[in-house]
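Notes to accompany the following structure.
Rule-based calculations on the coordinates, nothing more; no lab input. As the structure is a computational prediction, the values presented were derived from the model and not from experiment.
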Amino acid sequence: MTQTHLVVMGVAGCGKSTVGQMLQERLGWSLAEGDDFHPNSNVVKMSSGVPLTDEDRWPWLDSIVSWTAREDEAGRDTVVTCSALRRVYRDRLRAAPARTLFVHLHGAESVLAERLSARPGHFMPPSLLPSQLATLEQLDPDESGVVLDVIAPAPDLVEQAISRLCISPSNLSDKGIN
Ligand SMILES: Nc1ncnc2c1ncn2[C@@H]1O[C@H](COP(=O)(O)OP(=O)(O)O)[C@@H](O)[C@H]1O
Ligand SMILES: [Mg+2]
């Protein structure tokens, strides 16, 4: 069977970690937090409000792909959270084997800012939101994925992702989950 790899993407505070975790619980797939693959030098930069350069990002994206490839080889489907703001970053992530589908969580700037500032103890300060939004490139028509409005409750976003991406019942029943 061909594996499916979901990338839950979007700017800081859009709900990637929340929805990623729920997708993992709903589907029983392997989950990784993209943030966990950052080298310490990137975390230091982001904590001090300095946007990352592309040179900072390539090794990070490649680590995510390596993890996905290992899971794929073991026959496991995956969910990974990763901002994946630009097309070139998504192209890098699509280097993973099998099919990679993107779940882009997006919404009004006011909603995103509110979520970000309400979130306690995270290294990403709310001041980075404007630069994230300026960097964001929406999914192109040839990119497989969906855009979901984060105004909806997180459990609804999970169901929308599953139905709109046609994640098949056979995938679910293969894992003993319905
Ligand atoms: N759909 C949603 N509706 C309401 N609050 C949400 C939703 N998704 C996430 N949140 C809340 O918004 C904040 C940011 O979510 P988080 O998952 O940490 O975002 P990200 O991982 O993309 O930075 C958290 O406090 C989370 O509980
Ligand atoms: Mg997160």
Query raised in the report: Kirkwood Rh over Cα pairs of the chain into Stokes-Einstein at 4 °C, 1.567 mPa s: D in µm²/s?
Result: 79
Query raised in the report: Against the longest principal axis of the chain, how steep is helix 109-118, in degrees 0 to 90 to the nearest 10, with axes from Cα atoms?
Result: 90
Requested in this report: For Val8, list long-range residues whose amide hydrogen, built 1.01 Å from N in the peptide plane, is under 5 Å from its own amide hydrogen.
Outcome: Val80, Thr81, Cys82, Val103
**Report entry** Tilt relative to the chain, helix 54-73 - C-alpha long axis, 0 to 90 degrees, to 10
**Finding:** 20
Query raised in the report: Pairing the Cα long axis of helix 154-164 with the longest principal axis of the chain, what angle in degrees results, from 0 to 90 and rounded to the nearest 10?
Result: 50
